[in-house]
Structure formats: structure tokens, C-alpha cells
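To start, the structure itself, in C-alpha cells.
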Amino acid sequence: MVIKMNPYIEYGKKAFAKNLVYRSDYIIGVFNTVIMVFIQVAIWRAIYGSNTQINGVPFSYVATSFVLSICFAAALTANDFVLADKVLYGSITTELLKPISINLCIMADTIGNNLFKLIMQFAPAVIISGLFLGLLPPASVLMLLLCVFSLIFGFLIVYYISYIIQACSFWFTNVWSLSVIKNSVISILSGTLIPLWFLPDWLAAAIKWTPFDVIYFAPIQIYLGQMNTQEIIFTFAKQIVWVLLFAVLGMFIYKKGIKKLCIAGG
Amino acid sequence: MSIIVENLSKTFKIKEKQKGIGGALKSLVAPKTKLIKAVEDISFTIDDGQAVGFIGPNGAGKSTTVKMLSGILYPSAGRINVNGLVPYKNRIEHVKNIGVVFGQKSQLWWDLPITDTFDLLKKIYKIPSDVYSRNLELFNEILGLHEFETQQVRQLSLGQRMRADIAAAFLHEPSIVFLDEPTIGLDVVAKEKIRLFIKEINRVKKTTLLFTTHDMTDIEKTCQRIIVIDKGKILYDGTIDSFKTKLNKDDFNEAVYEMFTGGI
Ligand SMILES: Nc1ncnc2c1ncn2[C@@H]1O[C@H](COP(=O)(O)OP(=O)(O)O)[C@@H](O)[C@H]1O
Ligand SMILES: [Mg+2]
């Protein structure tokens, strides 16, 4: 198994190492994330004013929610251009000539990047903003573990949405605009801009039908101990269904794309 | 039989761009397509261990054929069987057994030093350590890779890059290697090194070779047999000697020139 995974581990390491070259990028990244957290928390502090609770939500929950969700969003991303670059610069045909799965290469690349960001971006950003703004501890060790697991599925949702956009690069040379639209939708609807507690009821109800509330927001609610067993099970079920749905759709588009490429002749 | 090609054809469909804004609008509504017959109904077989020169003028359909044989281009019609596999259907299994060099385009990772590149290939092809180091040593001896092994691929000269590409294509000891213009733009010394290498590997490892080039000396020094192609059709398939006899020339170069300028 390990031997079989070997080339992909190499791909992951390559992606991880590439980040080390652009050191200033990650310092700016940490800075950026911390500023975002501070601004959001400051706005909500002003909204809370002298109230200790709004809609039954204490301010400390809001602060913790922002610290975690913004930091997670910064670390658990998917680069929408991995496949697009391969198609644009023609390295995809090079890789098709090697006995490797291109999909696993993209996954390995993403995981390599994200491990770097978790260590070098998420950790410092959480520590800095937690120190200044206050971070509630997890409700229990079990809830912390469940939060980590559901974050993995949350990441997979983000990953496969990105994968669908990437697979479109066989038809559009530029997936940049698709990427921008996707990122805005995710940041608005996943709770990193406005905690989902405070959305109008109709919108909150609508979001329940989308995958967006179970990307970062649901894991954080698990962390805060805001979900009962039934809700936690429902969250995982919902995550798995969305991951499968997006993965299947992405693979379908990808297969069509490869076929198009190999008929047209790269 | 390592390669069997039967009635293979490839037709490319390209959208024709029309002039001006009106033309652009017209292409949007009713795109005009043009068909290019790159390869038309070709058939041949290549035995295990044979080295075959694949020659023809620019645009003859050589690269198109090589791409179909290596599985990255789907045929429009006909059948291909390489080592018992259909290239484009069993991609991963198929590419384990072949090596490909495109002179026009490196198959290596631009940002990796040569040593890292070979290391990654070792992992991708799961090459046993003893085979790997034995091959590297042999390749170094003939191709002189040591002198640039710590440089990134993008920093290499054309000759160095090609030598690295060729070593990379043979590292996992594939039973078949496709060489599409591996000597393009190289000086005589680099060319000679590559010819020597190809000949030696063909002799020692019995690797089946399909070798495309515009330099007939390349072919004379490495191949037993030639397949001549023009406008997508095979014009000749046989030994170099009978080719020369057929065209009534003592010199191979002249014979090829004669053929392409309408000698027959
Ligand atoms: N991807 C492609 N799309 C459209 N036409 C192509 C494509 N690839 C090759 N052709 C055309 O097919 C013909 C054969 O090309 P090629 O096989 O590259 O020739 P050679 O390698 O013998 O020089 C040429 O007319 C070329 O323009
Ligand atoms: Mg060519």
C-alpha cells in the first residue's frame, strides 16, 4: 500500500516544498487571515454592543466561530488551477504517458499544499487571533475528534467542487471567472462572512439544502457542543452524500474532457 | 509480435476561423469545420526487438501515428495492438511497458533537477533499486548525464535535455520505445551519442524501437528496417538495402530525396 502510494507521496512533498520557496507569501497569508478575523470580530462586537446574547447566541461563540472558520477556510482550500494548468501548458499529455492516476496526483498536490497551510498558516493564525480575541475550548475531546473528522469531509466537499471547475478547463481555457464565482458563493453561504445563526430564516432554511453549511460551520458547531447526536449523524450523512455527488459529477466531466482532448489531439 | 496496426486512420476536425467580426459571428452561429486526414488506412507489424525507422516529410503523419501508438490520441478508425493491449483503452497498463521521447516536447518536469526526476520515475514505474542503479550507470557512461545532473530541466541545453529525456524513457526497461525526432536540432556529437545509445540498448535489451527522424544517418546507423510515410499513407516498408535498389540509388539520402520529390 505504502509502496503503491509512493509516487503520490512524492507529488505531495513536491507541492509542500514549493510553498517553502515562496516564504513571503505565507507570512502575508497569515497576516491576511488574522486581519480578516479581527475585522469580523470587531464588527460583531459593535453589533452586540451591551447585549450578552443575540438570538440566544453568546458573543464568545461568535468570536470562536470566526476565529476557527476563517482560519480553516484559509488552510483547507483547493487550488482550482492544478488541472487547468496541466491542460493549458500541455503537461497533461506528459502525465497521461506515465502509469499514474492524474486524479490522485491532483489530490496529492492539494493535500501537500494544505498540510503546509495547516502548519504554517492555520496554526499561527489561530494562536494569534485566539490570544487576542478569546477562543472557547472544544466541548469535549470526543467533540474535538468529531469536529476534525467532519472537517475532513468539509474539505472533500470543497475539493470536489473545485475538481468540477477544474474539469471544465478541457472546454474553457480560462476557469478563473468560474473560480471567483465559486469562492464568493462559498464564503457567503458557508458562514465565514456571516455566521449562519444570523441569516434570515428563509435563507438559513434554503442553505440547509446546500452543501455549504456543512463545510466549516457544522464542524465548528460540533466543536462548540451545539449539536446533539442526531444532528451530528445527520451532518456526516449530508457531507458524505454531497462528497459522493460532486465526486461522481466531477469524474464524469473529467472523463468527457480527457476523451475530448484525446480525440482533438492535445 | 509487439506492435500490430491494422487499417489505422486519424482524421482531425478543426474549426475554421472566418475573417472579421462578421466572420467571427458566423463561426459562432454556424461553425465551419474542416477535416484533416493525418493518417489514412495504414497497416504494419513490428516484431519484438526490431528497430524500425519511421520516415517521411513534415506533416506526413508520423507524430500522429506515434501518439496513437502511445495511447494519447484516439484513432478515428482501425485497430492497434501493442504488447497485447489496446493503447487508449488500457492506458495505465499500456504505458508501463513503453517509453516515449518527443523531441519537440520534453516529458520531464521542468522544475525538478535531473536526479530528482529519475528518482520520481523510479517510484512511478516501481523500478527495483538494483535495476535502477545499473541502468543509471550504463546510461551515464554513454550519455554523460553526470555533467548536468544537479540542474533543473528548464536550465538544460537542448542537447542535454534530449539526453535526459532519452535516459528517462529507457530507465524502466520498457519493451517498446517510440522516439519521435529525438535528434532534432542537435549537434553532431550529441547526435552520435544518442545513436550509440539507441543502438546499444536495442542490442543488449532487445528493445523494440520506432524511430522518427529527418536525418537519414540516424536511421542507417540504428535501424534494420524502414517504414516510409507521406500524406498519411505508407509508401514503403522494408529493408534499407531493398529501398535503395528499388529507387536505383547507392546513397540512402538520395533515395529518400528521390522518393519524396516524386521519383516513383
Ligand atoms: N491536433 C491536431 N489538430 C489538427 N490537425 C493536426 C493535429 N495534429 C496534427 N495535425 C495535422 O495532421 C497532419 C500530420 O501531422 P503530424 O503527424 O504531426 O506530421 P509529422 O509528425 O509527420 O510531421 C498535419 O497536416 C498536421 O497539421
Ligand atoms: Mg512530427
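The values are calculated or read from the model by the stated rules, or taken from the named source; none is laboratory data. Bear in mind that the values here come from a model prediction, so they are computed numbers and not experimental data. When we count neighbours, we look across all protein chains shown, and the Cβ atoms used for this are built from the backbone with ideal geometry, even at glycine. For the accessible areas, the whole protein counts, side chains as well, though only heavy atoms, and no ligand, DNA or RNA atoms are used. Shrake-Rupley method; radii C 1.70, N 1.55, O 1.52, S 1.80 Å.
Kindly indicate whether any position in the range B:76-94 is farther than 23 Å from residue B:211 by Cα and among the charged types (D, E, K, R).
Yes, because at least one residue in the range B:76-94 is farther than 23 Å from residue B:211 by Cα and among the charged types (D, E, K, R).
For the range B:192-235, which residues satisfy the criterion of being closer than 27 Å to residue B:75 by Cβ, open to solvent by 20 Å² or more (accessible area, probe 1.4 Å), in contact with a Ser or Thr (Cβ under 9 Å, 6 or more places away or on another chain) and within 16 Å of ligand 1 (Cβ to nearest atom)?
B:214, B:234
Residues that are within 14 Å of chain B (Cβ to nearest Cβ) and open to solvent by less than 70 Å² (accessible area, probe 1.4 Å): list the helices (runs of 4 or more DSSP H) wholly contained in the range A:1-89 that include at least 2 such residues.
Qualifying helices (runs of 4 or more DSSP H): A:2-21, A:82-88.
Residues in the range B:12-29: is at least one part of a strand (DSSP E or B) and within 16 Å of ligand 2 (Cβ to nearest atom)?
yes
For residue A:218, are the conditions met, namely being small (Gly, Ala, Ser) and at pLDDT 90 or above?
yes
Mind checking which residues of the range A:73-100 are free of Cβ contacts under 8 Å to residues at least 24 places away in the same chain and small (Gly, Ala, Ser)?
A:91
Please count how many residues of the range B:197-215 are within 29 Å of residue B:7 (Cβ to Cβ) and more than 16 Å from ligand 2 (Cβ to nearest atom). Outline the logic, then answer.
Step one: of the range B:197-215, the residues within 29 Å of residue B:7 (Cβ to Cβ) are B:202, B:206-214.
Next cut, more than 16 Å from ligand 2 (Cβ to nearest atom) only: B:202, B:206-209.
Within the range B:197-215, residues that are within 29 Å of residue B:7 (Cβ to Cβ) and more than 16 Å from ligand 2 (Cβ to nearest atom) number 5.
Can residue A:174 be described as open to solvent by 30 Å² or more (accessible area, probe 1.4 Å) and modelled with pLDDT of 90 or more?
So residue A:174 does not fit the description; no.
Give me a count of the residues in the range B:76-116 that are within 30 Å of residue B:261 (Cβ to Cβ) and within 12 Å of another protein chain (Cβ to nearest Cβ).
Of the residues in that region, 5 qualify.
From the list A:130, A:134, exactly one residue is on the phi > 0 side of the Ramachandran plot and more than 14 Å from chain B (Cβ to nearest Cβ). Which is it?
Answer to the selection: A:134.
Kindly establish whether residue B:17 is within 14 Å of another protein chain (Cβ to nearest Cβ) and either within 16 Å of ligand 1 (Cβ to nearest atom) or under 16 Å from residue B:61 (Cβ atoms) (or both).
no
Could you list, ordered by first residue, the pairs with Cβ atoms under 7 Å in which the first is in the range A:250-266 and at positive phi and the second is within 16 Å of ligand 2 (Cβ to nearest atom), at least 6 apart or interchain?
As it stands, the answer is A:265/B:12; A:265/B:67; A:265/B:73; A:266/A:90; A:266/A:93; A:266/B:72, since those pairs meet every condition given.
Give me a count of the residues in the range B:46-90 that are basic (Lys, Arg), at pLDDT 95 or above and away from ligand 2 (no atom under 16 Å from the Cβ). Spell out the reasoning first.
So in the range B:46-90, the residues basic (Lys, Arg) come out as B:62, B:67, B:79, B:89.
Imposing the further condition that a residue be at pLDDT 95 or above reduces the set to B:62, B:67, B:79.
Filter once more, so that each one left must be away from ligand 2 (no atom under 16 Å from the Cβ): B:79.
Qualifying residue count, the range B:46-90: 1.
Can you tell me which residues in the range A:198-229 are part of a helix (DSSP H, G or I), aromatic (Phe, Trp, Tyr) and surrounded by 13 or more Cβ atoms within 10 Å (Cβ to Cβ)? If you could, list the steps in order and put the result at the bottom.
Of the range A:198-229, the ones part of a helix (DSSP H, G or I) are A:198, A:201-207, A:212-214, A:217-223, A:229.
If we keep only those that are aromatic (Phe, Trp, Tyr) too, we end up with A:198, A:202, A:212, A:217, A:223.
Of everything in the range A:198-229, those that are part of a helix (DSSP H, G or I), aromatic (Phe, Trp, Tyr) and surrounded by 13 or more Cβ atoms within 10 Å (Cβ to Cβ) turn out to be A:198, A:212, A:217, A:223.
Please find, within the range A:246-266, the residue that is nearest to the other protein chains (Cβ to nearest Cβ) out of those that are crowded, with 19+ Cβ neighbours inside 10 Å and small (Gly, Ala, Ser).
A:257
Assess whether residue A:232 counts as being of a type in the set (A, V, I, L, M), at pLDDT 95 or above, assigned to a helix (DSSP H, G or I) and more than 20 Å from the chain's Cα centre (by Cα).
Working: of a type in the set (A, V, I, L, M): yes; at pLDDT 95 or above: yes; assigned to a helix (DSSP H, G or I): yes; more than 20 Å from the chain's Cα centre (by Cα): no.
In short, no.
What's the number of the only condition in (1) closer than 23 Å to residue B:121 by Cβ; (2) more than 16 Å from ligand 2 (Cβ to nearest atom) that residue B:223 fails to meet?
Going through the list (1) closer than 23 Å to residue B:121 by Cβ; (2) more than 16 Å from ligand 2 (Cβ to nearest atom), residue B:223 breaks only (1).
If we scan the range A:154-164, do we find a residue that is in contact (Cβ under 8 Å) with a residue 12 or more places away in the chain, farther than 21 Å from residue A:247 by Cα and buried (at least 22 other Cβ atoms within 10 Å of the Cβ)?
No; the residues of the range A:154-164 include none that is in contact (Cβ under 8 Å) with a residue 12 or more places away in the chain, farther than 21 Å from residue A:247 by Cα and buried (at least 22 other Cβ atoms within 10 Å of the Cβ).
Scan the range B:33-67 residue by residue and report those that are closer than 14 Å to residue B:227 by Cβ, more than 8 Å from ligand 1 (Cβ to nearest atom) and of a type in the set (A, V, I, L, M).
B:42, B:46, B:51, B:52, B:55
When you look at residue A:185, is it open to solvent by 30 Å² or more (accessible area, probe 1.4 Å) and more than 28 Å from residue A:145 (Cβ to Cβ), yes or no? Please lay out each step first, then the result.
Details: open to solvent by 30 Å² or more (accessible area, probe 1.4 Å): yes; more than 28 Å from residue A:145 (Cβ to Cβ): yes.
In short, yes.
List the number of the failed condition for residue A:34; all other conditions in (1) under 30 Å from residue B:122 (Cα atoms); (2) modelled with pLDDT of 90 or more; (3) not small (Gly, Ala, Ser) hold.
(1)
Of everything in the range B:177-191, what is within 11 Å of ligand 2 (Cβ to nearest atom) and crowded, with 19+ Cβ neighbours inside 10 Å? Give them in sequence order.
B:180, B:181
Does at least one position in the range B:133-145 carry a residue that is closer than 24 Å to residue A:6 by Cβ, aromatic (Phe, Trp, Tyr) and in a helix (DSSP H, G or I)?
yes
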